[in-house]
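What follows is a set of notes on a single structure, which appears directly below.
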Amino acid sequence: MTALPDVAHPELRDHLLAHAVRRGDFVLKSGRHSSWFIDAKQTVCRPEAMVLVADAVLSVVPDDATAIGGLTMGADPVAFVTAGVAAVRGRQLRAFSVRKEAKDHGAGGRIAGALDPGDKVVVTEDTVARGTSLLEAARAVREAGAEPVLLVAVVDRGGTAEAAAEAEGLVFRALLGAPDLGFPYEGA
């Protein structure tokens, strides 16, 4: 592995490398094999890194955003810790999850948590390869009457999510990309 590049979030990168990156032979969601895997929840869910994650996410959240969430499970810890840290700092962001399937009892629907029609939403995810979970969540947000204003991933391992988001008129930002962790983008 070559020297790591300078990155905007070096402490977050270092934590991911120490706790979330695994080397070996892995089968990805796409069915492709990879020599590395990242379980970003190993960083997002550790207390010493939660504020690092929230600060990094908040550094890209637009001022007019009113809610943060995404497809459960990948988005949940990112959205909830970011909303919590934001609240402590005087910024109000409602948090929510998008269920994989609509619930047919109770209030029903795909949204669980605090998302209101008209909200300006940051859709988040811990790790993306192609961005399909982010796009699915953005569609559910739109169906709920809210507006996705940014898609943000803690780590982009594939390098194609930005183009996929742009094709749907959405803005994508990754806090860190595979090259920041010493790996090439793997494409779609």
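The values are calculated or read from the model by the stated rules, or taken from the named source; none is laboratory data. Note that the structure is a prediction, hence the values are computed from the model and not measured. Heads up, the Cβs are rebuilt from the backbone with ideal geometry, glycines too, and the neighbour counts pull from every protein chain shown.
Taken over the stretch 132-153, the residue count meeting the criterion of being assigned to a helix (DSSP H, G or I) and of a type in the set (Val, Ile, Thr) is 2.
Under the condition of being farther than 23 Å from residue 41 by Cα and either buried (at least 23 other Cβ atoms within 10 Å of the Cβ) or under 12 Å from the mean Cα position of the chain (by Cα) (or both), the residues counted in the stretch 120-139 number 0.
When the stretch 64-120 is filtered for residues that are modelled with pLDDT of 95 or more, among the acidic types (Asp, Glu) and within 28 Å of residue 39 (Cα to Cα), only 76 remains. Just for the stretch 40-73: of the residues that are among the small types (Gly, Ala, Ser) and within 16 Å of residue 126 (Cβ to Cβ), which one is surrounded by the most Cβ atoms within 10 Å (Cβ to Cβ)? Across the stretch 40-73, the extreme among qualifying residues is 69. Against the definition (among the aliphatic types (A, V, I, L, M) and touching a helix residue (DSSP H, G or I) at 6+ places or on another chain (Cβ under 9 Å)), how does residue 65 come out, yes or no? Spelling it out, it is not the case that residue 65 is among the aliphatic types (A, V, I, L, M) and touching a helix residue (DSSP H, G or I) at 6+ places or on another chain (Cβ under 9 Å). Scanning the stretch 163-177 for residues that are closer than 13 Å to residue 129 by Cα and either surrounded by 20 or more Cβ atoms within 10 Å (Cβ to Cβ) or modelled with pLDDT under 95 (or both) gives 165, 172, 174, 176, 177.
Quick grid of which residues meet (1) more than 23 Å from residue 135 (Cβ to Cβ); (2) acidic (Asp, Glu); (3) in contact (Cβ under 8 Å) with a residue 12 or more places away in the chain:
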site	(1), (2), (3)
19	yes, no, yes
45	yes, no, yes
63	yes, yes, no
79	no, no, yes
83	no, no, yes
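If you check 62, 77, 47 for being closer than 13 Å to residue 154 by Cα and of a type outside the set (A, V, I, L, M), only one passes: 77. Residue under question is residue 157, and the condition is that it be in contact (Cβ under 8 Å) with a residue 60 or more places away in the chain, over 11 Å from the mean Cα position of the chain (by Cα), at negative phi and crowded, with 24+ Cβ neighbours inside 10 Å; does it hold? So residue 157 fits the description; yes.
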